[in-house]
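Asks: Got a structure here, written out as structure tokens. Questions coming.
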Amino acid sequence: MRHLALLGSTGSIGTSTLDVVRAHPDRLSVVALAGGRNRDLLRAQCDVFRPRCVSVGSKEDAEWLRSALAYRPEVHWGDDGLLACALHADADTVVAAIVGSAGLASTEAALRAGRRVCVANKESLVVGGALMHEAALAGGGELLPVDSEHAALHQLLDGREPATIREVRITASGGPFRDWPLARIQAATIEEALNHPTWKMGPKITIDSATLMNKGLEVIEASVLFGLTPDQVAVTVHPQSQVHAMVGFHDGSYQLQVCANDMKLPIQYCLLYPDKQPGPVAPYPWEEARAWTFEAPDLERFPCLGLAFAALREGGTAPALLNAANEVAVAAFLQGQLRFWDIQACNRDLLDRIPAGPIESLPQVLDADRAARRHAEGWVRARVRSFGCP
Ligand code: NAD
Ligand code: MG
């Protein structure tokens, strides 16, 4: 039996995780749930799963939840609440499914406390880099990737001798603008960018999928997780999102991982690893005829992917700086302050202007994150002053 602390329970990954829990009542139980601002959904989840520990975004919502629930769990709020859930003594497994570098401290603490941590929150791996492995090593924690491409790589690489691997390749759907001309992409609206063709996800990752920054963050994530050099990680655009990753060997051959594009599969993979059990997703429907296509990404129309490779090559805090600028730029775009094309411009400006430092400790990384946010927020303000809101 695994006892779960689920951070980000009201989001897209969070609700899919609870679907997996429902499918395995004999193997999975919920000890703690943490959400942000959607207190009604969190309350409904508490009514069903009865976690002993709950956390919500604000003090006010914590008070509301205490009075709204028909039983008496521990109720926490804010960053301390996330930690209380992640480190709850009865939880052996943490699902890190909040969005952005806000998830870094809880992921690190859970690894250091010896938990199995199923990480969907790719930003914490991009920002924390090797520190996440150090935390796991120091505390006996186990890091398993929920991101579909990385769960696919984990399956492909399990038990493989690293010396036999030439490269890994993760696939990208290409997002909603895959075949759009540059001028049309530059002027894309919020609604167009939120209209992802193959995955239904939270707003931040959906915008990252439209810029291909999501794939860029995933390139860095793959390098961090599997100890690969920048030249060993590549991206192939595959609009059908059925092949999730490939491993290329020195003899020129490849192995591919295939499954439906449903996040419940990689979530279950991590929760039950190394077991494979029937779950909430049907086996792949090979009886149906289908066509798969593959193409190279276009870095001119999707410059964020190139910026991520540049940050990975630079190393140190460069991925953390790029991630922070991107979080600020995406939030500003979603608030109607920036144009779509400004996201890449903000990210590029940050990499050009703020020098990366070494990563030695968590406080140092958090400092870099804060400095990059300040710089990017200044960039957004200057842009709005000069050009107004789009
Ligand atoms: P989402 O926006 O749907 O959900 C985010 C969740 O985190 C919500 O429950 C929200 O309330 C909570 N949250 C956000 N900030 C918080 C904070 N500071 N404190 C406490 N709670 C907070 O996002 P999502 O699509 O579920 O994505 C979550 C993470 O998983 C992201 O890092 C994303 O890149 C990654 N991921 C998502 C998918 C997907 O299919 N959705 C696939 C792969 C990876
Ligand atoms: Mg992914």
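Asks: Say whether the condition of being within 29 Å of Ser223 (Cα to Cα), assigned to a helix (DSSP H, G or I), at pLDDT below 95 and in contact with an Asp or Glu (Cβ under 7 Å, 6 or more places away or on another chain) is met by at least one residue in segment 348-363.
Replies: Yes, segment 348-363 contains a residue that is within 29 Å of Ser223 (Cα to Cα), assigned to a helix (DSSP H, G or I), at pLDDT below 95 and in contact with an Asp or Glu (Cβ under 7 Å, 6 or more places away or on another chain).
Asks: Can you work out which of the residues in segment 169-225 that are polar (S, T, N, Q) and at pLDDT below 95 is nearest to ligand 1 (Cβ to nearest atom)?
Replies: Once the filter is applied, the top-ranked residue is Thr198.
Asks: I've got another one for you. From the residues in segment 236-280 that are polar (S, T, N, Q) and outside any loop (DSSP other than H, G, I, E, B), which one is surrounded by the most Cβ atoms within 10 Å (Cβ to Cβ)?
Replies: Gln268
Asks: Of the residues that make up segment 3-24, is at least one touching a Ser or Thr at 6+ places or on another chain (Cβ under 8 Å), more than 14 Å from ligand 1 (Cβ to nearest atom) and not in a helix (DSSP H, G or I)?
Replies: Yes, because at least one residue in segment 3-24 is touching a Ser or Thr at 6+ places or on another chain (Cβ under 8 Å), more than 14 Å from ligand 1 (Cβ to nearest atom) and not in a helix (DSSP H, G or I).
Asks: Okay, next question. Could you tell me which residue of segment 207-229 is nearest to ligand 2 (Cβ to nearest atom), considering only residues that are more than 11 Å from the chain's Cα centre (by Cα) and under 22 Å from Gly8 (Cα atoms)?
Replies: Ser209
Asks: Let me ask something else. Taking into account only those residues within segment 148-168 that are of a type in the set (A, V, I, L, M, F, W, C) and within 16 Å of ligand 1 (Cβ to nearest atom), which is farthest from Pro266 (Cα to Cα)?
Replies: Leu153
Asks: Now a separate question. Does Pro297 satisfy being touching a strand residue (DSSP E or B) at 6+ places or on another chain (Cβ under 6 Å) and either modelled with pLDDT of 95 or more or surrounded by 13 or more Cβ atoms within 10 Å (Cβ to Cβ) (or both)?
Replies: yes
Asks: Among the residues of segment 66-82, is any among the aromatic types (Phe, Trp, Tyr) and assigned to a helix (DSSP H, G or I)?
Replies: Within segment 66-82, none of the residues are among the aromatic types (Phe, Trp, Tyr) and assigned to a helix (DSSP H, G or I).
Asks: Name the one entry in Pro274, Pro278 that is at pLDDT below 95 and either among the small types (Gly, Ala, Ser) or farther than 18 Å from Trp199 by Cβ (or both).
Replies: Just a single option satisfies the conditions, and that option is Pro278.
Asks: Answer yes or no as to whether Leu87 is in contact with a helix residue (DSSP H, G or I) (Cβ under 8 Å, 6 or more places away or on another chain), more than 13 Å from ligand 1 (Cβ to nearest atom) and farther than 30 Å from Phe309 by Cβ.
Replies: yes
Asks: Would you mind telling me which numbered condition in (1) away from ligand 2 (no atom under 14 Å from the Cβ); (2) over 30 Å from Phe249 (Cβ atoms) Thr164 fails?
Replies: (2)
Asks: Find all pairs meeting these conditions: Cβ atoms under 6 angstrom apart; at least six residues apart or on different chains; first residue within segment 248-260 and in the same structural domain as Ser173 (by TED's automatic domain parsing) and among the small types (Gly, Ala, Ser); second residue surrounded by fewer than 16 Cβ atoms within 10 Å (Cβ to Cβ) and assigned to a loop (DSSP other than H, G, I, E, B).
Replies: none
The values are calculated or read from the model by the stated rules, or taken from the named source; none is laboratory data. Computed from a predicted structure; not experimentally measured. Glycine also receives a Cβ, built like all others from the backbone with ideal geometry; neighbour counts cover every protein chain displayed.
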